[in-house]
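The values are calculated or read from the model by the stated rules, or taken from the named source; none is laboratory data. All figures in this text were calculated on a predicted structure; none of them were measured in a lab. Here Cβ is always computed from backbone atoms with ideal geometry, including for glycine, and neighbour counts include all displayed protein chains. The area values use the complete protein model at the heavy-atom level, side chains included, leaving out ligands, DNA and RNA. Shrake-Rupley method; radii C 1.70, N 1.55, O 1.52, S 1.80 Å.
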Amino acid sequence: MSPAQFTHAEALLAELLRSAFPADRVVSRYFRQHRELGHADRGFIAESVYAVLRRKRSLAARCLGDVTSRRLLLAALACVQGMNRRELDAVLNEAEGKWLALAKGLKLEDMPTAVRLDLPDWLYEMLLAQYAAEHLEALAVGLNQPAPLDLRVNSIKTGREQVLDRLNADGLVTTPCRYSPLGIRLIGKPALARHPLFLDGSFEVQDEGSQLLGFLLQPKRGEMVADFCAGAGGKTLLLGALMRSQGRLYAFDVAEKRLAKLKPRLARSGLSNVHPVRIESENDIKIKRLAGKLDRVLVDAPCSGLGTLRRNPDLKWRQSPESVIELTAKQAAILHAASALVKQGGRLVYATCSLLAAENDAVITAFLSKHPEFVALSATEVLRQQGIEIDAGDAFGDRDQYLRLLPHRHGTDGFFSAVMERR
């Protein structure tokens, strides 16, 4: 670590801690403002500030009453990333050296559980109501690890073995994903934006758990399908490939900016069956015109994102019980509107990247009670029929109808999904 790298990390962390914007947006903007930073510099700076965001509560305890961005960063470098005194000497003054020695001497096991697990109290209590204490501890440890880099092979252009061979030949360390037949996991975080296979649309960056949602929807050639909350279109592109670019695939979203990010990805993909449509709300007339006409509808609902804390650790400090309540009302309204599109015999998939039962089980239970025409299918069985063997039950191996992915068990982001059929 150079003093210049530390200075940049300290400046970026200070900006992150006072910003109301998502961390990834703040980091991207900072790097655009400092284009002199190389790939290695950016890697160190990003890794260091994200380490603070992941472990902010226990690191604050190590600050011994003087919580500053500088002390948080020094504590993260010493106590999380394992840098020794000699490696930090270039940026430490004498007083900080004495404090840091005390900070390193504090034992995690002596801290209150929520502090030790780096969770806000409200989130710890919610999760403790769902998981036994020992399972919650394993989950929290998994959420505090950096997420791996997963790719999804574009099956209308190439196969997974071909992409693996090419990436390995280029010196990258790769392995096939455990569950997704289109997934590849990379060791490390290599820059891929200029790789020929990325530029020609042979692969996209997509978490393995997100890929499995497409296999739950299981769209077929020639069908009418909708990605109801398409965003930047990662799952849309997967659905289009599973359809072999045949049929009609709507990508609905309320945000023009998000749909705009889909356009270059769509151009690379080679798909011709995707139709991006901006809507005003879930009750837009463009939606209502399709009532009862679609074979399959995916609702990847807006949610707290608490299953993605490995890559978005700031969310646990930015969300609140009040924001979760607001989200559950929105989720119920979106699912109700989307369900009207599904024809008899059609499939509806509801998904979130949340860990909270309030956004998952409770939403589905309420929906099914009001919509007896829909019945839940077994997510495990839907995946098994496609050659994907996975324990899709809860954290303790109890099987149920829903897909529950957890980082410490499946190596993916945390996802919940329910598969339903209109009878």
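Summary of values
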quantity: Verdict on Tyr179 being of a type in the set (Ser, Thr, Tyr), touching a residue at least 40 places away in the same chain (Cβ under 8 Å), crowded, with 16+ Cβ neighbours inside 10 Å and more than 19 Å from Ser210 (Cβ to Cβ); calculated: no
quantity: Tyr124 within 22 Å of His408 (Cα to Cα), open to solvent by 20 Å² or more (accessible area, probe 1.4 Å) and part of a helix (DSSP H, G or I); calculated: yes
quantity: Among the residues listed as Lys257, Lys263, the single one being more than 18 Å from Pro302 (Cβ to Cβ), surrounded by fewer than 24 Cβ atoms within 10 Å (Cβ to Cβ) and among the charged types (D, E, K, R); calculated: Lys263
quantity: Residue within the range 134-150 that is of a type outside the set (Val, Ile, Thr), loosely packed, with under 14 Cβ neighbours inside 10 Å and either farther than 16 Å from Val52 by Cβ or free of Cβ contacts under 8 Å to residues at least 24 places away in the same chain (or both) present; calculated: yes
quantity: Residue count, the range 397-423 (criterion: at pLDDT 95 or above and of a type in the set (Phe, Trp, Tyr)); calculated: 2
quantity: Residue match in the range 271-279 (condition: without any contact (Cβ under 8 Å) to a residue 60 or more places away in the chain, surrounded by fewer than 20 Cβ atoms within 10 Å (Cβ to Cβ), over 28 Å from Val141 (Cβ atoms) and charged (D, E, K, R)); calculated: yes
quantity: Filtered residues of the range 338-353 (kept if surrounded by 20 or more Cβ atoms within 10 Å (Cβ to Cβ) and not basic (Lys, Arg)); calculated: Ala338, Ser339, Leu341, Val342, Gly346, Leu348, Val349, Tyr350, Ala351, Thr352, Cys353
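Conditions (1) touching an Asp or Glu at 6+ places or on another chain (Cβ under 7 Å); (2) surrounded by 16 or more Cβ atoms within 10 Å (Cβ to Cβ), marked per residue:
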position	(1), (2)
Asp165	no, no
Gly171	no, no
Lys189	no, no
Ala193	no, no
Pro196	no, no
Asp200	no, no
Glu204	no, yes
Gly209	yes, yes
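Here is a yes/no grid of residues against (1) outside any strand (DSSP E or B); (2) β-branched (Val, Ile, Thr); (3) closer than 30 Å to Pro176 by Cβ:
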| position | (1), (2), (3) |
| --- | --- |
| Gly346 | no, no, no |
| Ala351 | no, no, yes |
| Thr365 | yes, yes, no |
| Leu383 | yes, no, yes |
| Gln386 | yes, no, yes |
| His408 | yes, no, yes |
